[in-house]
Amino acid sequence: GSAPDIAGKGIANPLATILSVAMMLRYSLDAEDLADRIEAAVDSVLSEGYRTADIYSDGMRKVGTAEMCDAVVAALR
């Protein structure tokens with residue numbers, strides 16, 4: 001869903017949108033290999049402890065929207 005109340009604040013969690021792209025690739029575009037890469041990148045970032053405020057817990061690394069996106073992109077490389 002959208003969250004207009006937090007738009008532009010850098011606090012939205014982009015992972016659901018990123019994983020939606022993986023679903024689109026897998027189920028609509030028959031690009032399972034690309035979907036697997038995206039899902040693995042998200043798993044890697046979460047394993048490294050990156051968390052946006054909505055899923056943050058002690059001991060994790062709290063990041064904003066852009067930093068979470070950057071981390072996923074870096075994991076894709």
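Could you please give the count of residues in region 1-15 that are under 17 Å from L46 (Cα atoms) and either open to solvent by 70 Å² or more (accessible area, probe 1.4 Å) or not hydrophobic (A, V, I, L, M, F, W, C) (or both)?
Residues of region 1-15 that are under 17 Å from L46 (Cα atoms), as a first pass: 11-15.
Within this subset, residues satisfying the condition of being either open to solvent by 70 Å² or more (accessible area, probe 1.4 Å) or not hydrophobic (A, V, I, L, M, F, W, C) (or both) are 11, 13-14.
Matching residues across region 1-15 total 3.
Can you tell me which residue in region 29-43 is farthest from T65 (Cα to Cα), limited to those that are more than 10 Å from the chain's Cα centre (by Cα) and open to solvent by less than 90 Å² (accessible area, probe 1.4 Å)?
Here the residue is A31.
Would you mention how many residues in region 48-77 are outside any loop (DSSP other than H, G, I, E, B) and out of contact with any strand residue (DSSP E or B) (no Cβ under 9 Å at 6 or more places or on another chain)? Working first, answer last.
We begin by selecting, within region 48-77, every residue outside any loop (DSSP other than H, G, I, E, B); these are 50-51, 53-55, 61-62, 65-76.
Now narrow it down to the ones that are out of contact with any strand residue (DSSP E or B) (no Cβ under 9 Å at 6 or more places or on another chain): 54-55, 65-66, 69-70, 73-76.
Summing the residues that are outside any loop (DSSP other than H, G, I, E, B) and out of contact with any strand residue (DSSP E or B) (no Cβ under 9 Å at 6 or more places or on another chain) in region 48-77 gives 10.
Matching residues to (1) of a type in the set (F, W, Y); (2) in contact (Cβ under 8 Å) with a residue 12 or more places away in the chain:
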position	(1), (2)
A3	no, no
T17	no, no
M23	no, yes
Y27	yes, no
D30	no, no
E48	no, yes
D54	no, yes
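The values are calculated or read from the model by the stated rules, or taken from the named source; none is laboratory data. All of these numbers come straight from a predicted model, not from anything done at the bench. Cβ sites come from the backbone with ideal geometry, for glycine too, and all protein chains shown count toward neighbours. Heads up: the accessible areas ignore ligands, DNA and RNA and are worked out on the full protein's heavy atoms, side chains in. Shrake-Rupley method; radii C 1.70, N 1.55, O 1.52, S 1.80 Å.
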